[in-house]
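Where a number appears in this text, it was derived from the coordinates with a stated rule and is not lab data. Quick caveat: nothing in here was measured; it's all calculated off a predicted structure. Here the Cβ positions follow ideal geometry from the backbone for every residue, glycine too, while neighbour counts run over all protein chains shown.
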Amino acid sequence: MIDLYKEFYRKKRVLVTGHTGFKGSWLSIWLHELGAEVVGVSLDPYSERDNFVLSNIGSRIKADIRADIRNLQKMKEIFAEYQPEIVFHLAAQPLVRLSYEQPVETYESNVMGTIHVMEAIRATKSVKVGVMITTDKCYDNKEQLQGYKETDPFGGYDPYSSSKGACEIAIQSWRRSFFNPEDYNKKHSVSLASVRAGNVIGGGDWALDRIIPDCIRALETGKVIDIRSPKAVRPWEHVLEPLHGYMMLAQRMWDYPTEYCEGWNFGPEDESISTVWDVASELIKNYGFGELRDSSDANVVHEANLLMLDINKVKTRLGWKPRLNMQQCIALVADWYKRYRKEDVYSLCIEEIRTFVGFS
Ligand SMILES: NC(=O)c1ccc[n+]([C@@H]2O[C@H](COP(=O)([O-])OP(=O)(O)OC[C@H]3O[C@@H](n4cnc5c(N)ncnc54)[C@H](O)[C@@H]3O)[C@@H](O)[C@H]2O)c1
């Protein structure tokens, strides 16, 4: 496979929180394939059909640890034992709707969990780079037409979004207080950044209330697909797009620790910003069959209707840009869901990563 990072990850000790989840499993597979020594820290996977389980990545990486990021002491012990050099923090309760039912747990995992990971980084001298994953929803959403810039204020309406806005404030505070670039190599040796991606889609996601898993569940059981927010506009992107951005950023932070320790948006190009209805239509076209139904009335809780990211900063300063357009992205997503039951899922994921890096 083409190594976009030119052997950088080979033999690096990389700790990934949330490795049993959708994005974390893909990141672990990619890092493992690049030769990194991956240590994963998460709760158990949600189901037997998760990408983590089907790909068997847990048994391939250096350590597959089940631990709760709400336990600070445990986090410090894991970091002390494995001495990671790079940390990607993805573990979180990531669902808007669930956050209305479990606001306290959402805040505990997302806000205190992030603080615990930063404290574990602070206590472990081996860590040079920390990439903290938040979301596009961390911005104060004004339902505006232009995309959010990294300098826009944080906010969030629902408990999930606001917990991620709170994470961003905490990350900013820890960077100013403990990992300040001005004190680099004097008081600390950590480069800390936060990254915000849009609505990430890809094979192996079975989360509730996300459009692709909802569609696949309906398709696999021969049901009509109910679309509850057909007109909602989202910045859709394939899971490999932001993961490539996070890995690229971590490499750059390693080489230039004081120049890239900031917030970064990793969203799609404007032409990939489309409605839930359009994405579901493209999916059934690629899947081969399926029927959509507009069920907007069933939408009971508040969810943002318009959410876009401005990606000029990553393009100009990091040199990152999305590799897939909307059609290529959905084709790859549909491909995974059409094949996962019949094929070896680890090889399927590697094939998709290969396809992805082949685009430019
Ligand atoms: N999927 C998206 O569209 C999207 C978009 C923007 C940001 N994000 C962010 O990316 C990250 C990963 O999202 P995902 O879609 O892969 O979610 P996911 O639900 O598939 O995975 C979440 C992971 O976090 C772990 N986790 C949750 N609570 C934990 C706790 N208390 N202790 C230890 N581990 C815990 C889970 O075990 C799992 O491994 C999250 O931070 C999420 O907010 C996701």
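Structure data summary
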| quantity | calculated |
| --- | --- |
| Positive dipole terminus of the chain, leading residue within THR355, ILE212, TYR246 (C-beta point charges) | TYR246 |
| Burial ordering of ILE171, ILE225, fewest other beta-carbon atoms within 10 Å first | ILE225, ILE171 |
| Cα centroid separation, region 250-293 to region 2-18 (Å) | 22 |
| Alpha-carbon Rg/Rh ratio, for region 6-67, with Rh computed the Kirkwood way | 0.96 |
| Viscosity 1.306 mPa s, 10 °C: Kirkwood-radius Stokes-Einstein D of region 109-256 over Cα pairs, µm²/s | 91 |
| Most fluctuating residue given options ALA232, ALA193, ALA120, as computed from a GNM of the chain linking Cα atoms under 10 Å | ALA232 |
| Lys, Arg +1 and Asp, Glu -1 on Cβ, resulting dipole of region 13-358 about Cα centre, debye, nearest 20 | 720 |
| Top of THR151, THR20, THR106 by mean-square fluctuation, Gaussian network on the chain, Cα under 10 Å | THR151 |
| Relative contact order (%) - the chain, alpha-carbon pairs under 8 angstrom, separation at least six | 18 |
| Computed E for LYS186/GLU7 - FRET, C-beta separation, R0 30 angstrom, nearest 0.05 | 0.50 |
| Tilt relative to the chain, helix 345-358 - C-alpha long axis, 0 to 90 degrees, to 10 | 80 |
| Two-site label geometry, LYS342 and ARG97: point separation in nm, points 7 Å out along Cα→Cβ | 3.1 |
| Contour excess over end-to-end distance, with Cα ends at THR355 and ASP209 and 0.36 nm allotted per residue | 49.8 nm |
| Alpha-carbon spread of region 24-172, three principal axes, descending order, Å | 44, 37, 29 |
| Estimated translational D of region 227-360 in µm²/s (Stokes, Kirkwood radius over Cα pairs; 20 °C; 1.002 mPa s) | 128 |
| Acute angle (nearest 10 degrees) that the helix 240-255 long axis makes with the longest principal axis of the chain, alpha-carbon atoms | 10 |
| Rg over Rh [alpha-carbon atoms, Kirkwood Rh] for the chain | 0.94 |
| Cα-based helix-to-principal-axis angle, 159-177 vs the chain, degrees rounded to 10 | 20 |
| ASN141 long-range amide H proximity, modeled H, under 5 Å | GLY156, TYR157 |
| Which of ILE69, ILE78 has the fewest Cβ neighbours within 10 Å, and the rest in rising order | ILE78, ILE69 |
| Alpha-carbon centroids, region 321-360 and region 109-126: separation in whole Å | 33 |
| Reach of LYS11 by Cα under 16 Å, taken over lysines that are not fewer than 8 positions away in the same chain | LYS62, LYS128 |
| All lysines inside 26 Å of LYS342 as judged from Cα atoms, apart from same-chain residues fewer than 8 positions distant | LYS23, LYS223, LYS285 |
| Among ASN265, ASN185, ASN51, residue whose mean-square fluctuation peaks in a GNM of the chain (springs only between Cα atoms under 10 Å) | ASN185 |
| Neighbour-count ranking [beta-carbon atoms within 10 angstrom, fewest first] of GLU168, GLU220 | GLU220, GLU168 |
